[in-house]
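Shown below is the structure under consideration.
What follows is calculated from the coordinates using simple rules that are stated; it is not laboratory data. Model, not experiment: these values are computed from the prediction.
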Amino acid sequence: MLQSTTAPGRAGISLISHAVGALGCLAVAAIHIIDQGGVPGLKDPEYVQIFYYLLEAAGVVAAGLLLTNFAKTGWILSLGVAAGPILGYVLSRGPGLPDYGDDIGNWTEPLGVLSLVVESTLLILAATILAASRRSATLIHP
């Protein structure tokens with residue numbers, strides 16, 4: 001009979017964190033689909049629309065990876081899924097982006113604030129999981 005090499009509750013915590021991470025990635029994608037007006041949606045200028053499409057695809061891919069044996073890659077991609085739109089939010093509301101000044105100063109848009117909450121949570125979760133896995137790998141393989 002094979003015995004588990006992890007603590008009894010650890011597998012459950014890992015499953016929950018992967019599920020929460022996957023839901024976070026899908027939520028980021030869904031929020032941006034709603035913001036662009038659905039699929040295929042429209043966001044001007046065109047480069048912003050392309051970033052939306054890339055973010056939405058990355059969110060779906062990261063969610064899938066988190067539920068497979070490629071979870072570490074999923075967590076790394078999740079960092080980008082979370083950090084990218086946070087940066088976009090700050091730039092679009094602060095100094096503005098080229099040919100995109102509609103959101104300058106619009107810091108309290110409800111969908112944008114919801115997006116920041118989801119992205120920040122996902123960013124903290126992914127960074128924590130990756131830091132913990134790196135620490136445990138260092139402890140096992142100095």
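What Kirkwood radius, in Å to one decimal, follows from the Cα pairs of the chain?
One decimal place: 16.3 Å for the Kirkwood radius.
Another one. With angles folded into 0 to 90 degrees, how steeply does helix 10-35 sit against the dominant principal axis of the chain? Use alpha carbons for both and round to 10.
Helix 10-35 sits roughly 10 degrees off the main axis of the chain.
Where does helix 46-66 land angle-wise versus the long Cα axis of the chain, in degrees 0 to 90, nearest 10?
20 degrees
Right, here's the next one. In a GNM of the chain with a 10 Å cut-off on Cα contacts, which of S14, S92, S115 has the highest mean-square fluctuation?
S14
OK, next. Quick one: among A126, A57, A82, which has the greatest mean-square fluctuation in a GNM of the chain with alpha-carbon springs under 10 angstrom?
A57
Please list, short to long, the whole-number percent of alpha-carbon pairs of segment 9-80 in consecutive 10 angstrom bins beginning at zero.
Result returned by the calculation: 22, 44, 24, 9, 2.
Then there's this: Rounded to the nearest 500, what is the 222 nm mean residue ellipticity of the chain from helices alone, with -39500 (n - 2.57) per DSSP H run of 4+ residues and division by all residues?
Calculated mean residue ellipticity at 222 nm is -25000 deg cm²/dmol.
Using the alpha-carbon atoms, what tilt in degrees (0 to 90, nearest 10) does helix 71-93 show relative to the longest principal axis of the chain?
20 degrees
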